[in-house]
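Read the structure below first, then the notes.
Read-outs: derived from the displayed coordinates by stated rules, not from any lab. As the structure is a computational prediction, the values presented were derived from the model and not from experiment. We place every Cβ from the backbone using ideal geometry, glycine too, and count neighbours over all the protein chains shown.
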Amino acid sequence: MTAIRAMVTGISLACLCGPVLAQTSDIVTPTETAETQDPQAQLLGGVAAVVNDEVISISDVAQRARLLLVTLGVQPTQENLQQLLPRALEDLIDERLQLQKAAEFDLEVSDADIDASIQDMARQNSTDIEGMYQVLRQSGINPETLREQMRAEIAWRRIMSGLYGSRIRISQLQISSLLDRIESDAGKTQYQLAEIFLFAPTEQDKQQVLEGANVIVQQLSQGARFELAAQQYSNSPTAAVGGDLGWVSPTELDPDVQEVLANTEPPALTSPIVVDDGVYIYAIRAKQDGQTGPKMVTLMQVLSPDNQRAALNAFKLAGHSCNDVEAAAAEEEGLVYASLGEVGEDVLTDQVAMAIRNVPEGSASDIIDTPAGPALLYVCDRVQSGFEMPSREQIEDRLFGQQIALQSQRELRDLKREATIIRR
């Protein structure tokens with residue numbers, strides 16, 4: 001099992017549009033009863049479900065349940081396989097709907113596309129595709145189970161990107177507003193968290209999702225790795241990074257989550273927390289009391305010992321960033337580069353502090369006069385000591401990911417409402 005766990009550590013099978021846990025269609029046929037949805041009853045027939053006339057077999061469901069466990073790094077047993085059968089079935093239903101939607105757009109995912117993605121996974125685990133397939137076969141999993149899951153994920157990701165990628169606009173005001181809020185909270189109590197979010201827009205969904213969340217917590221308590229569970233199950237954009245939220249203030253979270261945090265000492269795993277639109281599971285990794293030091297800034301300097309202000313102006317207008325400023329300065333006669341490193345803003349001179357105050361990260365200040373001559377200061381990074389402020393690019397990515405995830409959840413919810421889904 002150790003080899004399997006090592007193999008799947010680098011495999012991110014979830015995307016921003018990961019499947020919703022244990023949801024059911026709003027369209028229920030008269031033949032669909034609680035008895036026919038029982039996992040034990042499913043094992044007695046060859047068909048687990050029919051999705052718009054497309055069959056999902058019992059074998060498909062059993063294979064997916066086994067893949068879910070192996071991905072989590074948990075040894076499959078009869079008991080935990082049985083627990084995951086409902087989840088595996090719902091995942092497969094979602095994927096059938098996603099692929100059917102892709103067919104409407106004449107969108108095809110080629111075998112070469114899937115091979116390329118699996119090759120990336122294999123490379124991260126220091127093996128090749130055949131080596132990965134061998135590990136799956138040793139666990140009783142047909143490699144086609146993984147390939148079909150990836151086919152649906154790639155197709156759905158492309159659909160969401162095509163439908164909404166160009167429509168979503170994150171304004172500089174939105175980015176600044178969130179950064180200001182994060183910075184204002186930097187001196188307050190902070191928690192280092194990771195999350196699993198399970199989307200459940202209706203009360204009926206919440207009950208079913210809550211049952212699935214309890215199974216996930218049980219698997220985590222038995223040794224499953226949280227980051228792998230987040231990649232596999234979570235509907236949050238953070239699924240791509242194993243659910244990691246970093247250091248956050250409670251004010252950024254749902255009030256029900258805040259209450260749980262206030263009454264829990266880390267490190268700890270929370271029970272499922274029901275909120276308006278779903279269910280959360282948190283790994284509370286650490287807590288800090290909010291005592292922060294000065295803001296730290298990383299600076300680079302380009303100096304003209306010969307007082308060549310025109311050369312400095314031209315250098316600034318060239319738009320160099322912290323990534324290439326050293327090499328660019330070396331090519332300019334009369335300009336000298338120096339790294340000033342990371343310094344606290346509380347020890348900067350008033351002149352320097354004022355010069356860099358409104359300079360975006362990666363950009364240069366106006367020319368300032370120093371004892372050695374006129375100079376440009378490049379602001380490469382700003383962080384609150386004891387707390388790492390995200391960059392504007394990271395904030396933009398976070399907001400964009402949230403919007404894509406929201407649209408994905410809505411699209412999948414609508415597909416399930418309109419579909420005819422019969423569970424045997």
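Find the eigenvalues of the gyration tensor of the Cα atoms of the chain, then list the square roots of 5 times those eigenvalues as equivalent ellipsoid semi-axes, largest first, in whole angstrom. Working shown, then result.
Working: eigenvalues 478, 117, 82 Å².
After diagonalising the Cα gyration tensor, the semi-axes are 49, 24, 20 Å.
For a distance above 16 Å, tell me the whole-number percent of Cα pairs in segment 141-180 that qualify. All intermediate terms of the calculation are to be shown ahead of the outcome.
Details: 465 of 780 pairs.
Looking at segment 141-180, the distances longer than 16 Å represent 60 percent of pairs.
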Quick one: dipole size for the chain, taken about the Cα centre, charges +1 on Lys/Arg Cβ and -1 on Asp/Glu Cβ, in debye to the nearest 20. 580 debye
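Counting pairwise Cα distances across segment 295-384, what percent come out greater than 19 angstrom?
On the way: 1247 of 4005 pairs.
Roughly 31 percent, rounded to a whole number.
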Once the in-chain neighbours fewer than 8 apart are removed, the aspartates and glutamates whose Cα is under 16 Å from Lys295 read Asp180, Glu183, Asp185, Glu342, Glu345, Asp346, Asp350, Glu361, Asp381, Glu388
Out of Val74, Pro86, Gly140 - ranked by how far each Cα lies towards the positive end of the dipole of segment 66-143, with unit charges on the beta-carbon of charged residues - the top one is Val74
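Taking each pair of distinct Cα atoms in segment 102-259 once, what is the resulting Kirkwood hydrodynamic radius in Å?
On the way: mean 1/r = 0.0523 Å⁻¹.
One over the average 1/r among Cα pairs gives 19.1 Å for segment 102-259.
Take the Cα radius of gyration of segment 256-342 and divide it by 2.2 N^0.38 Å, with N its residue count; two decimals is plenty. Spell out each step's value before the answer.
Details: Rg = 24.8 Å, N = 87, 2.2 N^0.38 = 12.0 Å.
Dividing the Cα radius of gyration by 2.2 N^0.38 Å gives 2.06.
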